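No value in this document is a laboratory result; all are computed from the given coordinates. Source: prediction; values computed, not measured. Cβ coordinates were reconstructed from backbone atoms using ideal geometry, including for glycine residues, and neighbour counts include every protein chain displayed.
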Amino acid sequence: MSADPGVGRLQVRSFEDVVSARQRVREAAERLGFDLFDQVQIATGVSEVGREMVVAGGGELSLWISPAQPRRLVIGAMGIECGDELVATSSPGMVAARMLLGPPLDSDPAAGGCTFTRRL
């Protein structure tokens, strides 16, 4: 299993970018050894985040493998607001992303981004 999932940084400005990001993330999850269910769940979660990015005017997805143990796939999303809690005012896309990816590990409202992780 390669330490580099082969995705890196993806600019998300259009819905076509969302489709491309979804496919690339699913392929990376497969290369990293996630089962089919997790591959689809991660890719769908990234799609939801990507849609929110497009609505917000664009953003960037970054994928990398954490160096700390246990190893994790890290998904950085810049250009959206995540918030720390799931509240009634959350966008439908972020509600879905939280259900699929779990709550963000952290969020940076000042920079307009958040980070999700999934254990390898």
**Prompt:** How many nm separate the modelled label positions at Thr117 and Val19, each set 7 Å beyond the Cα in the direction of the Cβ?
**Reply:** 3.4 nm
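When all alpha-carbon pairs of the stretch 13-52 are counted, what percent fall beyond 15 Å? Let's see the in-between values first.
On the way: 243 of 780 pairs.
When every Cα pair of the stretch 13-52 is considered, 31 percent fall beyond 15 Å.
Sum up the charges of everything whose Cβ sits under 14 Å from the Cβ of Phe15, counting Lys and Arg as +1 and Asp and Glu as -1, but leave Phe15 out.
Values: positive: Arg13, Arg22, Arg51; negative: Glu16, Asp17, Glu48, Glu52.
Net of charged neighbours comes to -1.
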